[in-house]
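Enquirer: What follows is a single structure, and I will ask about it in a moment.
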Amino acid sequence: MSTLHAAFATPDDARRALRILGADGVPASAIEVRSSVPLEHDLHAIGDKVTSKVHWMAVLGAFLGGFALFSLVKFTSEAYPLPTGGMPIVSLPPAGVITFEGVAIGAILCTVGTVLYECGLPGRKSLGPLDQHLAEDHILVSVECEEGAPEAWAANALETERV
Amino acid sequence: MAGIAQVAKEQPIIAPLIGFRPKLFLGSLLTGLLVGVLFYSWGYQIVNDIGVAGINRPVFWGFYITNFVFWIGISHAGTLISAILRVTQAEWRRPVTRCAEAITAFALMIGGLFPLIHLGRPWLAWYMVPIPTGRGIWPNFRSPLMWDIMAITTYLLGSLLYLFLPLVPDMAILRDRAAKENPRSIKTLFFTALALGWRGTPQQWHSLEAGIRAMAVIIIPVAVSVHTIVSWDFAMAVAPMWHSTIFGPYFVVGAIYSGIAVLMVAMYLLRRGLHLEEYLSDKVFNNLGLLFVAFALMWGYFTFAEHLTVWYGHEHAEINVFNERISGDFSVFFWTMIVVNTIIPLAILPFPWGRKPLATAVVGIGVMLGMWIERYLIVVGTLSFPRLDFNVGTYSASWVEMGILIGSIGLFGFLYFTFVQIAPIVSLWEVREGEHIQHRRTQPTSQSMPVQAVSAGEEARA
Amino acid sequence: MTRWGMAIDTDRCTGCGACVVACHAENNIQTVGEEEAARGRAMHWMRIERYYDGVFPDVKVRFQPVLCQHCERAPCEPVCPVYATYRTPDGLNAMVYSRCIGTRYCANNCPYTVRYFNWFDGQWPEPLERQLNPDVSVRPAGVMEKCTFCVQRIQDAEDVAGDEDREVRDGEIRTACSQSCSARAIVFGDLEDPESQVAQLARLDRATHLLEEVSAEPSVIYLRGGA
């Protein structure tokens, strides 16, 4: 089992290569597309699903954060009931301000956490031999395949290398 | 098409990250000296008690709170550019997002120092943190200072993450470049660590962009709330000319205004110093200049509304403070502020020549000064004239306060000089993305070619 | 329920300043020195405000002794982030020195400007430290302070009364300022006790509050409008 890396100059070249790969029946799990720029959303292997739950997690985080800080204010103030000279132990408007910040920080932390999780960061997968092409704004397509598998899809590539 | 030509164009952005650059190093050194001034002055104050500052009774707050509000205000630059322009999908923001976000993060860090600096007993600042001890006492969530802590912590964390998330793909680009030259150098290891193993797959891009979009939407209300809460340090007090409902929106508008001013100056210096004319182009300055003039008008409107209502109401304690501001002890400050914050910007910015880089930077310097004066007037101008006339006071800043102010500006410069040398000050992938989108618009021929459109026989297999 | 209060008769006040000095002596207030006083840092928990009414030669001088008003709805209380100042059940606005971290927000929010801050440590060169009142703490630099209605004397009187199994009598507690006033212009007592001298004075036509418009509901009544 080896991996064939190919670097393409334009998204169209890469798209053609992916088309050929799809036509040849190569499973999406064996193909990896990499780019230094977010490209058109159809530029991934056929059968590959690209989704994100970030927005839902942001909303969930907002609820959790708001609830957490409101609880902090309410329950801790009641646990340490200090003499306030007639002011309520838990005053709702200030609690509201702090809850709002809790909503924000909960949403922020959950968003960032979800992004890191979905991206698999920090990632340990070793990087390939043609990576400098990414720095030059080219697109890398890597395919895990048997030795000697047809390489027609890499016809337009700038450079290929088998590892 | 992008590619080699695009990458060659990026050379000025990459250049500060490679090798030793004498001018940048000198900049770091000089600002580093000012940072020393900051910490020396602060250390002197801690050892010799807060009395070495110029504050007194009744002016219990002076330079430190002025600086606090000033720096927090400046931090709103990044949010405006980065978040609001992202949400509104304004393409021209792309070269500016990173340098603006950096301003936000650093200004917040410096602003957050000042509540510690101004405390009488800063080693007890942890009393404000709600951690259970055996003492049976707890912070007072009713206090606007507690709201400040929550708000600024949230905003700082959010801004740092908002700066860092889009930095990851750029770090990957730098890592790949550096690895080609020397896979073992310190630079390569540094970029590799910060890139967090970013691969650039479509899934990662999708998640990252979704996350950045979500952050942009979240951070806008956070920024608005932060400066509103800072303004409520004043508005919640019953002091004359502080207890005003307009302070919330007034301060937010003023903050964004001062933020744009600092951004204009920073962009001008970056453009000149690093030869970034290709990215920090005349068009970007022009568009930011239009925003600048819009905020000049808004700030002027709020200032006028605030002062008209105080003057018309003629309430005894307030009119005292008002008169001193307009024609008394503080009139020099007040009218200077009006000139540099409204007259000069509105005389220059509405014209196309007034939105050229140098012109906007000059106006920006004036606005920075004007906005600092505004905060000084609010803090010292009110506290000098308490309700019981017998207690009128004067304030003059001591060398300690001057040192800390100058040192804080030096700290900002130091952080910025350092940042420019370890990260690309223009967001490489965002600019590349913009070029791709533009290219697609001009050459749409292959745009809708579906990956699956092959012969019927192959379709059955796919 | 007790509510401590004070009545100050400005028609009697001669501006002699004995109350100021007595307060310093009783409460271990530091004398900041000439230079610091010139910088606006003098600390007089009780101060005499002097106002001139009219134009020369028809000038009248008004003396107004001002101290912490121990407001029912004190603006200084909600804004302290660490609960260093609070209202006691018996009507005092109390200050907890060891809790204060010195944000000075309370001082800004006091409409009467009656709060004083320790900018430096107090100096009591030998043998002056012997004059310190052992019932009252000495505050370090960085801490806010103000009139406490001589809470140490209130506690002392309540202790004695408790030992003797009775209530505190009116006139038994004398704050340092009321004790030393040569014109007997300052009266301290329980406003909730209708028989007390201070409550009777509060019912006079001449009774006013300072800065009524701020609605802080002070516990100090000023009698003015007579001669």
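The values are calculated or read from the model by the stated rules, or taken from the named source; none is laboratory data. Since this is a predicted model, take the numbers as computed values, not measurements. When we count neighbours, we look across all protein chains shown, and the Cβ atoms used for this are built from the backbone with ideal geometry, even at glycine.
Enquirer: Of the conditions (1) surrounded by fewer than 17 Cβ atoms within 10 Å (Cβ to Cβ); (2) modelled with pLDDT of 95 or more; (3) part of a helix (DSSP H, G or I), C:VAL198 satisfies every one except a single condition; which number is it?
Expert: Result: C:VAL198 passes all but (1).
Enquirer: Follow-up question, since we're still on this one. Within segment B:417-441, which residues are crowded, with 21+ Cβ neighbours inside 10 Å and hydroxyl-bearing (Ser, Thr, Tyr)?
Expert: Hit for segment B:417-441 is B:SER427, nothing else.
Enquirer: From the residues in segment C:34-52 that are part of a loop (DSSP other than H, G, I, E, B) and more than 11 Å from chain B (Cβ to nearest Cβ), which one is nearest to B:SER396 (Cα to Cα)?
Expert: Among those residues, the one meeting the criterion is C:TRP45.
Enquirer: Looking at segment A:42-55, which of the residues that are of a type in the set (A, V, I, L, M) and closer than 30 Å to B:VAL217 by Cβ is farthest from the other protein chains (Cβ to nearest Cβ)?
Expert: Out of the qualifying residues, it is A:LEU43.
Residues checked against (1) touching a Phe, Trp or Tyr at 6+ places or on another chain (Cβ under 8 Å); (2) modelled with pLDDT of 95 or more:
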| residue | (1), (2) |
| --- | --- |
| B:ALA296 | yes, yes |
| B:GLY300 | no, yes |
| B:HIS307 | yes, yes |
| B:TRP311 | yes, yes |
| B:GLY328 | no, no |
| B:VAL339 | no, yes |
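Enquirer: While we're here: Considering only residues that are closer than 18 Å to C:GLU77 by Cα and of a type in the set (A, V, I, L, M), which ones fall in segment C:212-227?
Expert: Passing the criteria: C:VAL214, C:ALA216, C:VAL220.
Enquirer: Additional query: Residues that are among the hydroxyl-bearing types (Ser, Thr, Tyr), more than 10 Å from every other protein chain (Cβ to nearest Cβ) and either surrounded by fewer than 22 Cβ atoms within 10 Å (Cβ to Cβ) or over 28 Å from A:HIS5 (Cβ atoms) (or both): does segment B:189-196 have at least one?
Expert: Within segment B:189-196 (the criterion being among the hydroxyl-bearing types (Ser, Thr, Tyr), more than 10 Å from every other protein chain (Cβ to nearest Cβ) and either surrounded by fewer than 22 Cβ atoms within 10 Å (Cβ to Cβ) or over 28 Å from A:HIS5 (Cβ atoms) (or both)), the answer is no, since none of the residues qualifies.
Enquirer: Filter segment C:201-227 for residues that are part of a helix (DSSP H, G or I) and surrounded by 14 or more Cβ atoms within 10 Å (Cβ to Cβ); which is modelled with the lowest pLDDT?
Expert: C:VAL214
Enquirer: Can you pull out the residues in segment B:360-402 that are within 14 Å of chain C (Cβ to nearest Cβ), surrounded by 22 or more Cβ atoms within 10 Å (Cβ to Cβ), of a type outside the set (Val, Ile, Thr) and in a helix (DSSP H, G or I)?
Expert: Result: B:GLY381, B:LEU383, B:GLU401.
Enquirer: Here is a follow-up. Return the residue satisfying two criteria in turn: it lies in segment A:83-96 and is assigned to a helix (DSSP H, G or I) and away from chain C (no Cβ under 13 Å), and of such residues it is surrounded by the most Cβ atoms within 10 Å (Cβ to Cβ).
Expert: That would be A:ALA95.
Enquirer: May I pose another question? I want to confirm something. Restricting to segment A:142-163 and keeping residues that are modelled with pLDDT of 75 or more and among the polar types (S, T, N, Q), which single residue is surrounded by the fewest Cβ atoms within 10 Å (Cβ to Cβ)?
Expert: A:THR160
Enquirer: Quick check on segment C:46-59: of everything there that is out of contact with any Leu (no Cβ under 9 Å at 6 or more places or on another chain), at pLDDT 90 or above and charged (D, E, K, R), which residue is farthest from C:ALA22 (Cα to Cα)?
Expert: C:ASP58
Enquirer: Further question on the same structure: Among A:ALA68, A:ALA58, A:ALA28, A:ALA14, which is touching a Gly at 6+ places or on another chain (Cβ under 9 Å), more than 8 Å from every other protein chain (Cβ to nearest Cβ) and either crowded, with 21+ Cβ neighbours inside 10 Å or farther than 30 Å from B:GLU435 by Cα (or both)?
Expert: A:ALA68
Enquirer: When the residues of segment A:108-129 are narrowed to those that are closer than 18 Å to B:PRO202 by Cβ and out of contact with any helix residue (DSSP H, G or I) (no Cβ under 6 Å at 6 or more places or on another chain), which ends up surrounded by the fewest Cβ atoms within 10 Å (Cβ to Cβ)?
Expert: Applying the filter and picking the extreme gives A:LYS125.
Enquirer: Based on this model, can you work out whether B:ILE229 counts as assigned to a helix (DSSP H, G or I), under 15 Å from the mean Cα position of the chain (by Cα) and not small (Gly, Ala, Ser)?
Expert: No.
Enquirer: For the subset of segment A:116-154 comprising residues that are free of Cβ contacts under 8 Å to residues at least 60 places away in the same chain and of a type in the set (Gly, Ala, Ser), which member is farthest from the other protein chains (Cβ to nearest Cβ)?
Expert: Checking each candidate, the answer is A:GLY148.
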